[in-house]
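Only one structure is covered here, and it is reproduced in the block below.
The values are calculated or read from the model by the stated rules, or taken from the named source; none is laboratory data. Computed from a prediction, not measured in an experiment: that's the story for all the values here. Heads up, the Cβs are rebuilt from the backbone with ideal geometry, glycines too, and the neighbour counts pull from every protein chain shown. What goes into the accessible areas is simple: the full protein's heavy atoms, side chains included, and nothing from ligands, DNA or RNA. Shrake-Rupley method; radii C 1.70, N 1.55, O 1.52, S 1.80 Å.
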Amino acid sequence: MNRLCITAYYSFLRVSRPRLAVRSFATLREAPARIGQPTPQTHPHLLKAGEITPGIAAEEYAARRARLVSRIAESGTVIVPGYGLRYATNEIFHQFHQHTDLFYLCGIDEPDCALVLEKTTTGRGYKMILFVRPRDPTREMWDGPRAGLEGAKRYFGADEARDIDTLPAYIDALASSSPGPVYTDLPTGPTASSRLEQMHIRTGDAKSFNPRDGGITSVLKRKLCGGGTAQNASAFKPLNPLLCDLRLIKSPAEIAVMRQAGRISGRAFVDMMKATKPGIGEHDLWAVADHAARRRGASRLAYVPVVAGGKNALTIHYVLNDQLLSDGTMILVDAGGEYGGYASDVTRTWPVNGKFTKEQGALYNAVLRVQRACIAKCTGDAAVSLDDLQRDAFELLRAECSALFGRTLSNKELNSLYPHHVGHWLGLDVHDTQSVRRTTRLQPGMVVTLEPALYIPDSPAFPEAYRGVGVRIEDDVVVGGKETGWAPTVLSVEAPKEVEDIEAVMAGLV
């Protein structure tokens, strides 16, 4: 089945598509030698000519912006802020991660940026203004290079580039004179906080704005909520529903990037299985996952992994990862690498000593059969939603448990053994496009996770050999379409999940 999925996947990528008429990006060759993120010039091993981020070309980013602008009102304006640095403690910052809406629309991956798209009736249909930090040799000595104003135009295709410090004044003027609505997810409530408060935005009006942070929020509160009354709130419309609709269906290029993320993660699971033995720590496998993903090209792990030995697997979001692994128990690992900005999300469960007991294998295969059944229905012609698959998984797990335990489980009891949903949308975010309901019918090009599970408590209500065991199996799946013969594509297929394959990997046979 996996070989068919992979064959169908590459056939899908070969389908020709009409070329979009977009602005030329020939000036990419003139970009600064270093701009603060990989480029084809500085990282030819990661990016091909014409790509802004791994696997995604400048033309695709332009097409995304054009599709977004085509859905807004005439004379409308889009404002998409990024993130500033986020700090663990005084002056100790976390690894930067861009807000995915901004990343989706232009690919810029540095802090203190914002994108503005003004809808027009000429040229490509919009004017693109990118607000960034100007280049500063003194600052770059500490923090490294940035795109700067010139790089924002030459590399990211902006029509104009402006200092991020001028964004509050731009929004102030826009709120006063814009002929059309403003689409943004910046908060407009009198007490709402904004992610732009994390940015280092300086303004010259010390009476109205904090000199370091919060300038944008101050503008919006003053313009929209002066005196506690939202005077112009109707002029501001939420952007999230429009962007989620665009981000839900992945392009062939996005699927190829996500396939690489899944491949990296799958091979990291092979390394973790090979490294597993009684007496090592959960943190050891965390280190293996991180190292294995990064050395294969991932920029980071997409989320804090779950590395849960024994009864720790009964805690769904167990992330302490600080216990030692015991002989005769199972370990559940939920981990995924991020590649090109796109996340993978994979879970496997395997025996610490390399061999499933009869009962461990029976429980594991019960969950695996349910997952296979859900994946098989993950096609565009099946007329199903994630909620439909959840109902299917619930009833299939009930049947499997009844066979294992010799009795029929009630809804309440099964809810305690399987308390979460079978899947979610996946993309630039691990839990992608969250405003899209799980009642949405699956369509070709959507990417979902499928993760049925059973968590058997240490209770006399269940046979002793199954108590205290948690099993979850999760893969990343592209909904099948005509191009793949309606077959779903498992992006994380390299992660072993058959009992025989897991045991062979752990025995060093493969």
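Which of the residues that make up region 104-115 are open to solvent by less than 20 Å² (accessible area, probe 1.4 Å) and either in contact with a helix residue (DSSP H, G or I) (Cβ under 7 Å, 6 or more places away or on another chain) or farther than 15 Å from Ile164 by Cα (or both)?
Of everything in region 104-115, those that are open to solvent by less than 20 Å² (accessible area, probe 1.4 Å) and either in contact with a helix residue (DSSP H, G or I) (Cβ under 7 Å, 6 or more places away or on another chain) or farther than 15 Å from Ile164 by Cα (or both) turn out to be Tyr104, Leu105, Cys106, Gly107, Ile108, Asp112, Cys113, Ala114, Leu115.
On the given criteria, is Ser416 hydroxyl-bearing (Ser, Thr, Tyr), closer than 28 Å to Asn353 by Cβ, surrounded by fewer than 20 Cβ atoms within 10 Å (Cβ to Cβ) and modelled with pLDDT of 95 or more?
Working: hydroxyl-bearing (Ser, Thr, Tyr): yes; closer than 28 Å to Asn353 by Cβ: no; surrounded by fewer than 20 Cβ atoms within 10 Å (Cβ to Cβ): yes; modelled with pLDDT of 95 or more: yes.
Here the answer is no, as Ser416 does not meet what is asked.
Could you identify the single residue in Ala403, Ala383 that is out of contact with any Ser or Thr (no Cβ under 9 Å at 6 or more places or on another chain), on the phi > 0 side of the Ramachandran plot and either modelled with pLDDT under 95 or open to solvent by 10 Å² or more (accessible area, probe 1.4 Å) (or both)? Working first, answer last.
Working: Ala403 fails: on the phi > 0 side of the Ramachandran plot.
Matching residue, one of Ala403, Ala383: Ala383.
Go through region 487-510 and give me each residue that's assigned to a loop (DSSP other than H, G, I, E, B) and either of a type in the set (Lys, Arg) or surrounded by 15 or more Cβ atoms within 10 Å (Cβ to Cβ) (or both).
Initially, region 487-510 is screened for residues assigned to a loop (DSSP other than H, G, I, E, B), giving 487-488, 491-498, 507-510.
Listed by number, the residues that qualify are Ala487, Pro488, Leu491, Ser492, Val493, Glu494, Ala495, Pro496, Lys497.
Could you check region 117-144 and list, in sequence order, the residues that are of a type in the set (A, V, I, L, M, F, W, C), more than 13 Å from Phe156 (Cα to Cα) and open to solvent by less than 60 Å² (accessible area, probe 1.4 Å)?
Initial filter on region 117-144 (of a type in the set (A, V, I, L, M, F, W, C)): 117, 128-132, 141-142.
Imposing the further condition that a residue be more than 13 Å from Phe156 (Cα to Cα) reduces the set to 117, 141-142.
Residue satisfying the conditions is Leu117 alone.
Can you say whether Ala373 is buried (at least 24 other Cβ atoms within 10 Å of the Cβ) and either charged (D, E, K, R) or over 30 Å from Asp109 (Cβ atoms) (or both), as far as the supplied structure shows?
Values: buried (at least 24 other Cβ atoms within 10 Å of the Cβ): no; either charged (D, E, K, R) or over 30 Å from Asp109 (Cβ atoms) (or both): yes.
Taking the combined requirement at face value, the residue does not satisfy it.
Can you tell me which condition Gly84 does not meet? The list is (1) open to solvent by 10 Å² or more (accessible area, probe 1.4 Å); (2) assigned to a loop (DSSP other than H, G, I, E, B); (3) touching a residue at least 12 places away in the same chain (Cβ under 8 Å), and all the others hold.
Status for Gly84: all satisfied but (1).
Where in region 337-449 are there helices (runs of 4 or more DSSP H), lying wholly inside it, with at least 3 residues that are touching a residue at least 60 places away in the same chain (Cβ under 8 Å)?
358-376, 386-405
Of Ala293, Ala253, Ala268, Ala261, which residue is in a helix (DSSP H, G or I) and surrounded by fewer than 23 Cβ atoms within 10 Å (Cβ to Cβ)? I'd like the intermediate steps shown before the answer.
On the way: Ala293 fails: surrounded by fewer than 23 Cβ atoms within 10 Å (Cβ to Cβ); Ala268 fails: surrounded by fewer than 23 Cβ atoms within 10 Å (Cβ to Cβ); Ala261 fails: surrounded by fewer than 23 Cβ atoms within 10 Å (Cβ to Cβ).
Going through Ala293, Ala253, Ala268, Ala261 in turn, the sole match is Ala253.
Go through region 450-467 and give me each residue that's assigned to a loop (DSSP other than H, G, I, E, B) and surrounded by fewer than 19 Cβ atoms within 10 Å (Cβ to Cβ). Spell out how you get there, then give the answer.
The first filter runs over region 450-467 and keeps only residues assigned to a loop (DSSP other than H, G, I, E, B), leaving 451-452, 457-463, 467.
Matches in region 450-467: Pro457, Asp458, Ser459, Pro460, Ala461, Pro463, Arg467.
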